[in-house]
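This report refers to the structure that appears directly beneath it.
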Amino acid sequence: MILVTGGAGFIGSNFVLDWLRHGNEPVVNLDKLTYAGNLRNLDALADDRRHQFVRGDIGDRDLVLSLLRRERIRAVVHFAAESHVDRSIHAPEDFIQTNVVGTFRLLEAVRAHWSDLPPDAAQDEPSRARFRFVHVSTDEVYGTLAPEDPPFTETTPYQPNSPYAASKAASDHLVRSFHHTFGIPVVTTNCSNNYGPFQFPEKLIPLCIHNALAGRPLPIYGDGQQVRDWLYVEDHTAAIRTVLDRGMPGETYNVGGWNEKPNLEVVRTLCSILDELAPRRDGRSYADQITFVTDRPGHDRRYAIDARKVERSLGWRPRETFESGIRRTVRWYLDHAEWVADVTSGGYREWIAKHYSAATTSRG
Ligand SMILES: NC(=O)c1ccc[n+]([C@@H]2O[C@H](COP(=O)([O-])OP(=O)(O)OC[C@H]3O[C@@H](n4cnc5c(N)ncnc54)[C@H](O)[C@@H]3O)[C@@H](O)[C@H]2O)c1
């Protein structure tokens, strides 16, 4: 049994679905259901007894420890975080609470559980030797690159520039220290920008698809020339499965798509796919809705990932190109208008408030 934190969020829910498609090992999914967590992402598992959902906070050490012990957890995959840079500029404290304090308390619970495990055990039994803590982090911890700089490697110095990036950097350091000091078998991944199904429509790609179809402006920060390296979410979840399976304890792996694109190009590509698949009634292009807005303070100009280590040592590489992944993504959003309407209307939050109080569990 594995424990996934934040498995109702964008990447976490894709990971849980992907994990259960590729095997039969059950999952306990611990998620606080903040605005970013959405149980509807897991509708496909409604009758699947391999999935057990627990509403709760990673910062609740007693809850986490009781789950680790009761379910005899042999690995933790840690996604739970506050993840939106803009929100970290307006309200940084939540980021410190979840990403730093929450990760620390989660690590403390893991340390207590791990210390009680036998040093070694049969293949399917949890043991200290085979236990893994996979910490899912971001390329934003490395700071920003000039156009001619080489991409980030695992030895690039940390230079986080936003409160989000700083809080993730702090969590990376805590995770590293729990390996170095206590011997917990941790593996960290630092991944580039993800896109794909179930992404909350506050992030660039789903926001622009949503606004385009609603006839609203497509907001582009500054000159739109901020470069990001884009990775289709299923490629990321495959990388995490690989790292969980074969990653070396104490190592970090950079995960990226070799797809550096300026934001403006990403949005123009989205517009041309939408022009083809869901043309505007007036025959004009969705690109007419692009609107430049004041840049985000401290906005990093460029991120780029050198993913050769994970490719060479673990054999993972992305399967989707940007062109194929973005097309799949647009189609998914067109086919799931109800999901978008739900998360943007507030109806989903009302449903959660009615049906879930803190720390509740449901199977399937
Ligand atoms: N989205 C990206 O492009 C990207 C890229 C690289 C790394 N990451 C990292 O991957 C992880 C997942 O990102 P995402 O985009 O899916 O985020 P998300 O915001 O969509 O999901 C985060 C999930 O964590 C849950 N959560 C928040 N605080 C919690 C707490 N205290 N206890 C339990 N659950 C809590 C939320 O309810 C939500 O379900 C994050 O750690 C993020 O830093 C994201």
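The values are calculated or read from the model by the stated rules, or taken from the named source; none is laboratory data. Since this is a predicted model, take the numbers as computed values, not measurements. So basically every Cβ, Gly included, is an ideal-geometry build from the backbone, and we count neighbours across all protein chains shown. Areas reflect the complete protein model, heavy atoms only, side chains present, ligands, DNA and RNA absent. Shrake-Rupley method; radii C 1.70, N 1.55, O 1.52, S 1.80 Å.
Just a few scattered comments:
- Anisotropy class of region 286-336 from Cα gyration tensor, a/c 1.5 cut: oblate
- Residue-count net charge about Phe322 - beta-carbon cut-off 10 Å; Lys, Arg +1, Asp, Glu -1: -3
- Here the peptides 234-243, 132-141, 218-227 are ranked by packing, the mean other Cβ count within 10 Å, and the order with the highest first is 132-141, 234-243, 218-227.
- Projected over every direction and averaged, the convex hull enclosing the alpha-carbon atoms of the chain yields 17.5 nm².
- Over the chain, dividing the summed -39,500 (n - 2.57) contributions of all DSSP H runs of at least 4 residues by the number of residues returns a 222 nm mean residue ellipticity of -12000 deg cm²/dmol.
- Positive minus negative residues near Val340 (Lys, Arg vs Asp, Glu; Cβ under 14 Å): 0
- DSSP beta bridge pairing in the chain, given as percent antiparallel to the nearest 5: 15
- Amide H contacts under 5 Å for Gly143: Gln159, Asn161, restricted to partners 5 or more places along the chain or on a different chain, H placed in the peptide plane at 1.01 Å from N.
- Report note on the peptides 315-326, 199-210, 2-13, 284-295: ranked by the mean count of other C-beta atoms within 10 Å, highest first, their order is 2-13, 199-210, 315-326, 284-295.
- For Lys309, solvent-accessible area (1.4 Å; no DNA, RNA or ligand), Å²: 60
- Computed from the C-beta positions of Thr294 and Asp120 and an R0 of 51 Å, the FRET efficiency is 0.35 to the nearest 0.05.
- Prolate/oblate/rounded label for region 80-148 (Cα gyration tensor, a/c 1.5): oblate
- Gyration tensor (alpha-carbon) shape descriptor, region 9-80, a/c threshold 1.5: oblate
- 5 angstrom amide H check on Tyr253, placed H, neighbours 5+ away: Thr188, Thr189, Asn190
- Cβ-based charge dipole, the chain, positive-most Cα from Ala8, Asn99, Ser345: Ala8
- About the Cα centre, charge dipole magnitude for the chain (Lys/Arg +1, Asp/Glu -1 at Cβ), debye: 600
- Here's the picture: charge each Lys and Arg Cβ at +1 and each Asp and Glu Cβ at -1 in region 222-306, and of Thr242, Gly283, Gly257 the one pushed furthest to the positive end of that dipole is Gly283.
- Value of relative contact order over the chain, rounded to a whole percent, pairs C-alpha under 8 Å and six or more apart: 20
- Label-point separation in nm, Arg49 to Glu276, each point 7 Å along Cα→Cβ: 4.6
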